[in-house]
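Worksheet for the structure shown next.
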Amino acid sequence: MDPTHHAAEEEKSRLQRYLQLHEQSPLPPPSRSSASGSNTVPMTEEELDSSFPVDSTPIPLHTYTIPRVPVPAPAANPIQAAPRSPTPPPYSGPTSPAHEPPQAPEDALSSGSRPPPRYPGLPALDYRLYKPPLFELSSDKTTLRTSAPHFSADAAALVALIRQQATVPPKPQIHITGRRGGSATSGRVDFAIKLNLLPLLVPEDPRQRMDYLRCVGPGEVALRGGTKPAAQPDDVEGLEGWAARFVADTAAVRAFALERVVVNLDQHWLEGQIRALVAGLRYPGTVTVAFPVTHARVVVQSPDRVNKFITSVTGFFAGKRRYEVVKAVWPFATMPRGAEAGGERRCAVQSEETWWREWRDPIRYAIATKRHGWVTNEDKLEVLMEAMPANMPVNVDWGPDGSV
């Protein structure tokens, strides 16, 4: 036999034995290792033909490895990489949460939607209730009014609104004005200062709050859905009953009101202390001391059938049916000053005497410097930290006839 042919036959026989051996013990399928990044596969029959030597040595398993490509490191965040400025940003009063997303009108009156923001240094109140959507605040800041139709058509919505608006107090104030050269309402104004008493109604601990909601009682004269105060009807039970009566009323022009009131604050004692202080400064003019209250009313008006002008004309000739039967009562104290014989008097925050001791010197300084504006905590801080009254002149030069 030709040696060349014999060698070919022997090579072919070895190849068949190899293939039979691997058919009985198959190799695992090609796979990529996640850790190594390599791919290992058996060689094809053509590769075996050209790779095996023509001898009797065992046939090795030929493999090839895909080279691993290095993955570039992620780029550094330009914001994090930016160097910090050595100068801190300008300070502004913090609010928690720092940003309030836009609020839908239908959810604006829902206190359960999210907690109200907190303003350090101010009473813990939901200040969003002072300016809800679909409401307008009067120019004198006393009345919040709406003509939203659903409050006049849905008793449950009206009740929810009243209860929610009752959770924030009015804003009681003290206005002290000195005039010369005319009457108490005209002439030259030497000083006109204002003080905010709202913080005296809201204790730091919410469990110590004294406010409550009160409906008109039997026999009490009030606007009970008519054009004049009356004691009838007296068979309506609670806020829900009055809200249902208002919604069922078919009058073209009608209104439902919540009144916020402050009780048990001794205004006469405070006025006496203020007038004595001004007299001690030898002021020659007329002094006016007033205790106005803003944000004191919330009014739900029936919607205009045509426009506001037609509604005003209709209300003028036919009369407006008014429901003023609900009050949100905000006590300064549990009882009037001087009525301690009936029990211990407890103030929501502090007594009139304590308040006066804290604010007497800031008020004196504001009047002596002929201020026009608010007396605030900054004035109290100057008294506490800078001995401000020590620099105040004892004899104030008021000038002739009110002129400086």
Checklist entry - Of THR227, THR294, THR288, THR250, which residue is over 34 Å from the mean Cα position of the chain (by Cα), among the β-branched types (Val, Ile, Thr) and at pLDDT 95 or above? => result THR288
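Could you list, in sequence order, all residues of region 329-373 that are closer than 20 Å to VAL202 by Cα, part of a helix (DSSP H, G or I) and of a type in the set (Ser, Thr, Tyr)?
Of everything in region 329-373, just one residue is closer than 20 Å to VAL202 by Cα, part of a helix (DSSP H, G or I) and of a type in the set (Ser, Thr, Tyr), namely THR354.
A quick yes/no check of all residues on (1) within 27 Å of PRO115 (Cβ to Cβ); (2) of a type in the set (Val, Ile, Thr):
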position: THR146; (1), (2): yes, yes
position: PHE191; (1), (2): no, no
position: ASP205; (1), (2): yes, no
position: LYS228; (1), (2): no, no
Checklist entry - Here is a list of conditions, (1) touching a residue at least 24 places away in the same chain (Cβ under 8 Å); (2) crowded, with 16+ Cβ neighbours inside 10 Å, and ALA157 meets all of them except one; can you say which number that is? => result (1)
Item to check | Residue among LEU200, LEU258 that is farther than 21 Å from VAL298 by Cα and either buried (at least 18 other Cβ atoms within 10 Å of the Cβ) or among the acidic types (Asp, Glu) (or both) | outcome: LEU200
Item to check | Boolean, ASN377 is out of contact with any strand residue (DSSP E or B) (no Cβ under 6 Å at 6 or more places or on another chain), farther than 22 Å from ARG275 by Cβ, of a type outside the set (Ser, Thr, Tyr) and at pLDDT 90 or above | outcome: yes
Checklist outcome for this item: Among residues of region 312-362 being at pLDDT below 95, out of contact with any Lys or Arg (no Cβ under 8 Å at 6 or more places or on another chain) and hydrophobic (A, V, I, L, M, F, W, C), the residue nearest to LEU265 (Cα to Cα) is ALA341
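The values are calculated or read from the model by the stated rules, or taken from the named source; none is laboratory data. The structure displayed is predicted, hence computed values, not measured ones. Heads up, the Cβs are rebuilt from the backbone with ideal geometry, glycines too, and the neighbour counts pull from every protein chain shown.
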